[in-house]
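The values are calculated or read from the model by the stated rules, or taken from the named source; none is laboratory data. No experiment lies behind these values; they were computed from the predicted model shown. With ideal geometry, Cβ positions are generated from the backbone for all residues, glycine too; neighbour counts draw on all protein chains shown.
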Amino acid sequence: MKAKQRLTVLSVCLVLALGLLAACAPSETKADGSDDAAESSSPINYDSFGRIGNNIGYAEDGGTYLENYAEYAEKLKYADKVAANAERNTPETYTDQFGFTYQPVPSDPKGWNISYLDADDRGCLACHESIEDVVMSLDTKHNVYAMGYPTQVTIANCLGCHRNAGFGNIQLVETLHGIHNSNPQFTAMDGSCDSCHYIDSDGKFNLWDYAKYDLYKGITDVKAEEANLDVTYDQDTISENSQLFFESLNNEPSEWRTDTDPAVADAWTLVIDGEVENPIEMTVTELVEKFGTKSSVQKQGCIENATGNAWIYQAELTGVSMKDIIDYVKPASTVTNIKCTSEDGYNMVSPGFKEINYEDCLLVTEINGEPLPAHQGYPVTLAVPRNSAASYIKAIQSISFVTAEADDSDEEEGVGTPLDPDTGKMQGKPNSAILNYPDGVVLDGQAGKEITLEGYADAYDEPISKIEYSLDHGKTWTTVETPDNDPTRWTYWRLKYTPQEAGSYLLKVRTTSTQPNGEDRVCSRDTNFIFHVK
Ligand SMILES: Nc1nc2c(c(=O)[nH]1)N[C@H]1C(S)=C(S)[C@@H](COP(=O)(O)O)O[C@H]1N2
Ligand SMILES: [Mo]
């Protein structure tokens, strides 16, 4: 079970092309006991019928188990066995793309998590380097994304689009079963139902990656009153340009703009027309000259950003004010929608014209005082605050003011995220994630020293009202109220904690926002985050 090789594009190619299946073949135990797994599990004896047995035994020694009673003292040394097992079953550590060392599974004194839960062989990242790598390695086209923060993308984000019959009518449950079952790679890596699922005592198949945090042993629980968490927050913290996430839906990577040459902005024509008095057709450079620019700090979060994930950033955006443009072009009073086009054909602005607050909508040309990075839509991106990032149109080419048929579908007001099939609640609204470390981060030499975990809380168009933190599996909580919260910005928190001793800790974060009717909206799931103090 231990023989394992995480899938990367390279290893897939090697294995397929060179037939190196042995490299990730499971260890095979033969009846004669020759066993390449001998060093990774306790020695196996066989009875005279070839079954596993005779460890204390009657078969060769003769006599019943009871008659061997006196020999147990010599043969059964639990302390030695348990220590050896824990040593054999040390959890794996990995290094991520940002250089952080992380260990998904806590060590525990009995080696329980590995011996019995087989935890290092379960969940997406037991076999895959990252979810980003998975989607880029698929045999069919999938949108590409890349993260700027070291927060890991999890299957929760996949379910953001592919819940039930989700995006493109593709159900994750069908595609994932189809692609894994009978897949030679999956078989060679000893894949089974348990690789992805935790089957609970009711027989329900839960996702391992959701259930695991509450199954692991070896986590040090600390009560809220003893944890002395020092949490501060602000709404001003901005991401570095290297921390902006990237998501592209439509075009081929070979078509992506990679340079930010000013000549592109000089030549980029933006058409603003439709039912308006004064249509505009100008280059980005001319627009900036005519209307000038304004700056504002705004957050932007993808609608699919699910529990504990980080498809979000906050930055200082600079660009031409849409308010100024609207005052100039003068849309007809009948206008209900704006229709956009962009270089790659992406055109989705979810709310209608009337629902958008144009005061802080910008045709963005700079982020954090630098030209828009190429992957953020250079030379110009429409920013529509209070909406999800799906309403931000990168490399925008035209905006047309139109009158659409009255839409009598009674859509829920505000930003609606996909529903979590298990909880029935909107996923990722509200949400929190740790942004400065990957889940399972190994913090060396930090016992007795203060550590800082940083992250965000956000609920798209709704203000955050409180964030709660637990270090004892959710039994007791430290609550931080966030009054007068501005929903156009994220809520960036910093949690300082001094772990008294080395060990593995589980932080749970529960986030609450305020709905338009004044009621609390509590996150669909708590965010789980493991850190190891060594
Ligand atoms: N032109 C264009 N704009 C786009 C997209 C796209 O694929 N093409 N993706 C949208 C989605 S779904 C998201 S989440 C954000 C991603 O923003 P970023 O890559 O600028 O961080 O851009 C939005 N705007
Ligand atoms: Mo998105």
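Does S350 satisfy being polar (S, T, N, Q), surrounded by fewer than 21 Cβ atoms within 10 Å (Cβ to Cβ) and over 22 Å from T285 (Cβ atoms)? Considered against the rule, which asks whether it is polar (S, T, N, Q), surrounded by fewer than 21 Cβ atoms within 10 Å (Cβ to Cβ) and over 22 Å from T285 (Cβ atoms), S350 comes out as yes. The residue pairs whose first member lies in segment 447-459 and is in contact (Cβ under 8 Å) with a residue 40 or more places away in the chain, whose second member is assigned to a loop (DSSP other than H, G, I, E, B) and among the charged types (D, E, K, R), and whose beta carbons are closer than 6 Å, counting only pairs six or more residues apart or on different chains, are A447/E501; A459/K429. The set of residues in segment 292-324 being among the β-branched types (V, I, T) and either in contact with a helix residue (DSSP H, G or I) (Cβ under 7 Å, 6 or more places away or on another chain) or part of a loop (DSSP other than H, G, I, E, B) (or both) consists of T293, I303, T307, V320.
Among the residues making up segment 81-121, a single one is farther than 16 Å from K217 by Cβ, among the polar types (S, T, N, Q) and surrounded by 15 or more Cβ atoms within 10 Å (Cβ to Cβ): T101.
In segment 312-328, the qualifying residues are those that are within 12 Å of ligand 1 (Cβ to nearest atom) and among the hydrophobic types (A, V, I, L, M, F, W, C), and the one that is farthest from C161 (Cα to Cα) is L317.
Restricting L435, L507 to those that are within 21 Å of P150 (Cα to Cα), at pLDDT 95 or above, surrounded by 16 or more Cβ atoms within 10 Å (Cβ to Cβ) and in contact with a Leu (Cβ under 7 Å, 6 or more places away or on another chain) reduces the list to L507.
Checked against (1) of a type in the set (A, V, I, L, M); (2) assigned to a loop (DSSP other than H, G, I, E, B); (3) away from ligand 1 (no atom under 16 Å from the Cβ), I272 passes all but a single condition, namely (2). Screening V297, V288, V284 for residues that are under 15 Å from K394 (Cα atoms) and of a type in the set (A, V, I, L, M) leaves exactly one candidate, V284. Of the residues making up segment 89-107, those that are in a loop (DSSP other than H, G, I, E, B) and in contact with a strand residue (DSSP E or B) (Cβ under 8 Å, 6 or more places away or on another chain) are T93, D96, F100, Q103, P104, P106, S107.
Checking the stated criteria, V231 turns out to be closer than 26 Å to T154 by Cβ, away from ligand 2 (no atom under 16 Å from the Cβ) and hydrophobic (A, V, I, L, M, F, W, C). Do we have any residue at all in segment 387-394 that's away from ligand 1 (no atom under 12 Å from the Cβ) and either more than 23 Å from the chain's Cα centre (by Cα) or not polar (S, T, N, Q) (or both)? No, because not a single residue in segment 387-394 is away from ligand 1 (no atom under 12 Å from the Cβ) and either more than 23 Å from the chain's Cα centre (by Cα) or not polar (S, T, N, Q) (or both).
When we screen N241, N309 for residues that are over 16 Å from H375 (Cα atoms), within 14 Å of ligand 1 (Cβ to nearest atom) and crowded, with 16+ Cβ neighbours inside 10 Å, the only hit is N309.
Within segment 256-294, the residues that satisfy the criterion of being surrounded by 15 or more Cβ atoms within 10 Å (Cβ to Cβ) and without any contact (Cβ under 8 Å) to a residue 40 or more places away in the chain are M282, T283, T285, E286, F291.
Once segment 312-335 is narrowed to residues that are under 28 Å from E275 (Cα atoms) and surrounded by fewer than 17 Cβ atoms within 10 Å (Cβ to Cβ), the residue that is nearest to ligand 2 (Cβ to nearest atom) is K323. Select from segment 448-468 the residues that are modelled with pLDDT of 95 or more and surrounded by fewer than 24 Cβ atoms within 10 Å (Cβ to Cβ) and list them in ascending order. Within segment 448-468, G448, K449, E450, I451, T452, L453, E454, E462, P463, S465, K466, E468 meet the criteria. Would you call T140 closer than 27 Å to G416 by Cβ, hydroxyl-bearing (S, T, Y), surrounded by fewer than 15 Cβ atoms within 10 Å (Cβ to Cβ) and at pLDDT below 95? Criteria not met by T140.
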